[in-house]
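The structure appears below as structure tokens.
The values are calculated or read from the model by the stated rules, or taken from the named source; none is laboratory data. All figures in this text were calculated on a predicted structure; none of them were measured in a lab. Ideal geometry is used to build each Cβ from the backbone, glycine not excepted, and the neighbour counts take in all protein chains shown. All accessible areas refer to the heavy atoms of the entire protein, side chains included, with ligands and DNA or RNA removed. Shrake-Rupley method; radii C 1.70, N 1.55, O 1.52, S 1.80 Å.
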Amino acid sequence: MTDGKMTPARRGVLAGLAAMAGLTGGRGLAQGQDLIAASRRETGLRVYSNMAEYNWREILEGFKRRYPWIRVETLDMGPTEAFERYYAETSARRASADIIVSSAPDAWLRFAQRRAAASYRSPEQSRLPAWSLPLPGVYTLSADPMLMVYNKALLDPHQVPTGLNQLTTLAAANPRKFAHRITTYDASAHALAYAVHWSAIDQKKPGGWDLMQRLAPYVRVETGGAAMLDKVTAGEYLVGYHVSAVTVLPQMLTKGRAKIVAWTLCADGTPVVPRGMAVTAAARNPASARLMLDYLLSRDGQIAAAKGGLTPYRSDVSERDVPFLTHDGVIRRLGGESKVVMVGYDHRMVSQYDAFVARWNGLFHRRRR
């Protein structure tokens, strides 16, 4: 406090402590005070994630207002690369990530088996749904849906996609128009793509391998959502399906893209990917990391994440609070949870990898890079 007035930083700290106290009583307040004191003796915070700078921007600004002495470094890398880099650095006893954030359920399963997540009970835990704590020490930052995107200028009104079964029927009725002009992630390219397709086919929403076999002649697969969105915008593809909302929604606001491209949820089965996060067991700045985790799970942190294109899932965050979607809003738009393909943390996802990718490559004529 200076000159009798409270600084913005001190207001932020007190707001965080008040939230902790309100959630868990005196124990939470004491825990928060201990973490804040310890964080002042640490050297900063390193985060490995598969999130771009524009996804982090609002989060980091909100965190800085609350804890201005904590310097945060975020590195954007592939969903599996974050874990591989952590394993390599810690095995060499080098500094590595204090927090990992990644939408790769199979990689999180392996991470948990190695007991690489630090144990921590966040004071926000009582406000979170049970599914958002899938593994010991692993929390969920967001529940991001996969979208259908399409080029409005190149499709007749009756060809606008609403679901994958309808799109397959449309393509079969117009083979010359749709041949190789539908795109999606290559399931053999990285962990997120594999988890999305494995879950959708396993749950048969919108269909299993029989649907993939009928759809494959019209599909060319890509490794990244940004490439798919750019090529739909350019007209190289007519439709993209199972494209991450985290990539699509912020980019719809740029370069007049919304005049050409539109998006929708897949009415017969929309995959939703829980974006996992954990403080690492080898964190060299564990107090700063726990403060960041608590902030990301808080109502303020969820709203900040939503401004970067992520989809919040706390029940006290409504669509009025955010620029895009909420998890409850996705369910409402689809007409119920039965149309959601929740990409879970299923050990079969790991054990069935080789067989699934072999069958996928056989259909989509791709080899693992």
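Key figures for this structure:
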{"item": "Residue within segment 168-176 that is over 18 Å from VAL261 (Cα atoms), in contact (Cβ under 8 Å) with a residue 60 or more places away in the chain, crowded, with 20+ Cβ neighbours inside 10 Å and touching a strand residue (DSSP E or B) at 6+ places or on another chain (Cβ under 8 Å) present", "result": "no"}
{"item": "Residue in segment 216-225 that is more than 17 Å from LEU363 (Cβ to Cβ), open to solvent by less than 40 Å² (accessible area, probe 1.4 Å), touching a residue at least 24 places away in the same chain (Cβ under 8 Å) and part of a helix (DSSP H, G or I) present", "result": "yes"}
{"item": "Residues of segment 226-266 satisfying the condition of being within 19 Å of ALA187 (Cβ to Cβ), open to solvent by less than 40 Å² (accessible area, probe 1.4 Å) and not hydrophobic (A, V, I, L, M, F, W, C)", "result": "TYR237, GLY240, TYR241, HIS242, SER244, THR247"}
{"item": "Segment 145-166, residues that are open to solvent by 10 Å² or more (accessible area, probe 1.4 Å), in contact (Cβ under 8 Å) with a residue 40 or more places away in the chain and not in a loop (DSSP other than H, G, I, E, B)", "result": "TYR150, LYS152, ALA153, LEU154, ASN165, GLN166"}
{"item": "Qualifying positions in segment 55-102 - outside any helix (DSSP H, G or I), open to solvent by less than 70 Å² (accessible area, probe 1.4 Å), out of contact with any strand residue (DSSP E or B) (no Cβ under 7 Å at 6 or more places or on another chain) and free of Cβ contacts under 8 Å to residues at least 60 places away in the same chain", "result": "PRO68, ALA92"}
{"item": "Test: ALA289 is in contact with a Gly (Cβ under 6 Å, 6 or more places away or on another chain), surrounded by 23 or more Cβ atoms within 10 Å (Cβ to Cβ) and under 28 Å from ARG85 (Cβ atoms)", "result": "no"}
{"item": "Residues of segment 67-81 satisfying the condition of being modelled with pLDDT under 95 and either closer than 12 Å to ILE99 by Cβ or not β-branched (Val, Ile, Thr) (or both)", "result": "ASP76, MET77, GLY78, PRO79, GLU81"}
